[in-house]
Amino acid sequence: MTTRREFLLALGATLPLGLRTARAAPRPRFARDPFALGVASGYPWPSGVVLWTRLITDFEQPDGGLGTAVIPLRWEVAADESMRRVVARGSVDARPEWGHAAHVEVAGLEPDRWYWYRFMAGDATSPAGRTRTAPALEAMPSALRFAFASCQQYEQGYYGAYRHVVADAPDLLAFLGDYIYESSWGRNHVRAHDPGEPYTLAEYRMRYARYK
């Protein structure tokens with residue numbers, strides 16, 4: 001059976017030469033905050049989580065204003081909100097073929113506890129996010145707090161609800177579907193989609209960035 005590592009190595013061998021040989025800029029400089037989309041975490045397990053971010057400096061450009069640059073990212077996970085007790089760190093490239101998004105699978109953490117994390121690119125630092133590992137496999141927690149969200153229509157969505165979710169401090173937030181809508185519908189819009197429906201990958205990336 002092919003392992004995940006073997007699959008990724010084989011996939012890399014099939015990429016166009018220009019993608020495989022692209023080099024990361026040693027010290028990128030940005031005219032605007034590249035972390036306008038923030039950070040996110042998910043897929044918790046007892047000893048780790050997945051961290052995510054996507055760099056963007058121009059919401060009106062299909063490439064996010066970053067062109068074909070490969071941008072090196074550094075990441076840190078800390079046991080405290082001030083990010084002084086760093087327990088894991090590493091690096092990853094934000095590549096243009098992935099829309100300058102990057103995700104990191106962090107391992108070696110303690111189960112059932114809060115951690116804080118952030119990304120750095122050049123002189124820019126992302127906001128610190130908070131994440132939580134899953135309970136140990138044999139654990140039987142007395143209670144777990146879940147939050148669910150779905151169907152966020154940008155033109156008429158009540159995004160203030162997310163502030164209440166944060167205030168409730170759930171252990172896990174599950175998004176059930178319809179993160180974006182391609183078309184416009186309904187009445188009493190309070191904001192507008194970008195003109196037209198998305199059809200290409202670049203257009204969908206712009207729509208997801210708008211919702212994010």
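Per DSSP helix of 4 or more residues, -39500 (n - 2.57); summed, then divided by the residues of the chain. What does that give at 222 nm, rounded to the nearest 500? Provide the component values of the computation, followed by the final result.
Working: 4 runs with 34 residues, N = 212.
Taken over the chain, the calculation gives -4500 deg cm²/dmol.
With an 8 Å Cα cut-off and a minimum separation of 6 or more residues, compute the relative contact order for the chain in percent. Could the numbers behind the result be given before it?
Numbers: 374 pairs, mean separation 39.5, N = 212.
Relative contact order of the chain: 19 percent.
By its C-alpha gyration tensor, with a ≥ b ≥ c as the square roots of the eigenvalues, how is the chain shaped: rounded for a/c under 1.5, else prolate for a/b larger than b/c, else oblate? Write out the running numbers ahead of the final one.
On the way: a/c = 1.55, a/b = 1.05, b/c = 1.47.
Note, shape of the chain comes out oblate.
Calculate, in nm to one decimal, what Trp185 and Val87 gain on full extension: separation in residues at 0.36 nm each, minus their alpha carbon distance. If you can, show how the numbers build up before the last one.
On the way: separation 98, 0.36 × 98 = 35.28 nm, distance 4.69 nm.
Working it through step by step, the gained length comes to 30.6 nm.
Quickly work out the Ala31-to-Tyr211 label distance, labels modelled 7 Å from Cα along the C-beta direction, and quote it in nm with one decimal.
A separation of 2.9 nm, rounded to one decimal place.
Picking from Ser142, Ser91, Ser47, which is most flexible by a Gaussian network model of the chain using Cα springs under 10 Å?
Taking springs between Cα atoms under 10 Å, the residue moving most is Ser142.
Considering amide H positions built from the backbone, and no H for Pro or chain starts, which residues 5 or more places from Phe119, or on another chain, come under 5 Å of its amide H?
Ser126
Extension gain His164-Trp98, at 0.36 nm per residue separation less the Cα-Cα distance, in nm?
Numbers: separation 66, 0.36 × 66 = 23.76 nm, distance 3.20 nm.
Result for the pair: 20.6 nm of gain on full extension.
Read-outs throughout are calculated quantities, based only on the coordinates presented, and are distinct from any laboratory measurement. As the structure is a computational prediction, the values presented were derived from the model and not from experiment. Note: ideal-geometry Cβ built from the backbone for every residue, glycine included; neighbour counts use all protein chains shown.
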